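K.L.:
Mind having a look at this structure? Questions to follow.
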Amino acid sequence: MAEATVKIRLKGSPIGAHPDHKKIVRALGLRKLNQIVEKPDTPGFRGMVAKAPHLLEIVGGDAAERK
C-alpha cells in the first residue's frame, strides 16, 4: 500500500520573513514561488506548514481537507 502524501506550495516570499520560517521553507525543498513539493503526510510536515501559514499552504484534494 502506498504511503499517503501531501502537496505543499510556497505561496509567499520568504524574503524578510523570520529566520526560522526561512529555514522551514528551505528544509521542505522550496525555492521558488508557487513551487509545489510532495512530502509524506506526517504530523511533522503538517507542523512545518502550520508554523508558517503565511508562506505555505497544503494543496490537493483529500490531504487539504484532512487537517
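K.L.:
Pick from the range 12-60 the residues that are among the β-branched types (Val, Ile, Thr) and under 28 Å from ALA2 (Cα atoms): which of them is nearest to the chain's Cα centre (by Cα)?
P.N.:
Going through the qualifying residues, I end up with VAL49.
Conditions (1) without any contact (Cβ under 8 Å) to a residue 12 or more places away in the chain; (2) among the β-branched types (Val, Ile, Thr); (3) surrounded by 15 or more Cβ atoms within 10 Å (Cβ to Cβ), marked per residue:
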residue: SER13; (1), (2), (3): no, no, no
residue: LEU30; (1), (2), (3): no, no, yes
residue: GLU38; (1), (2), (3): no, no, no
residue: ARG46; (1), (2), (3): no, no, yes
residue: VAL49; (1), (2), (3): no, yes, yes
residue: LEU55; (1), (2), (3): no, no, yes
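K.L.:
Would you point out the residue of the range 54-67, among those that are assigned to a loop (DSSP other than H, G, I, E, B) and modelled with pLDDT of 95 or more, that is nearest to ILE8 (Cα to Cα)? Spell out the reasoning first.
P.N.:
Let us first name the residues in the range 54-67 that are assigned to a loop (DSSP other than H, G, I, E, B), namely 54-55, 60-61, 66-67.
So of that shortlist, the ones also modelled with pLDDT of 95 or more come out as 54-55.
Working: HIS54: 13, LEU55: 10 Å.
Per the criteria, the residue is LEU55.
K.L.:
Continuing with the same structure: Can you find, within the range 25-53, the residue that is nearest to ILE8 (Cα to Cα) among those that are touching a helix residue (DSSP H, G or I) at 6+ places or on another chain (Cβ under 8 Å) and assigned to a loop (DSSP other than H, G, I, E, B)?
P.N.:
LEU28
The values are calculated or read from the model by the stated rules, or taken from the named source; none is laboratory data. The structure presented is a predicted model; accordingly, all values stated were derived computationally and were not measured. Glycine gets a Cβ as well: all are built from the backbone with ideal geometry, and neighbour counts include every protein chain shown.
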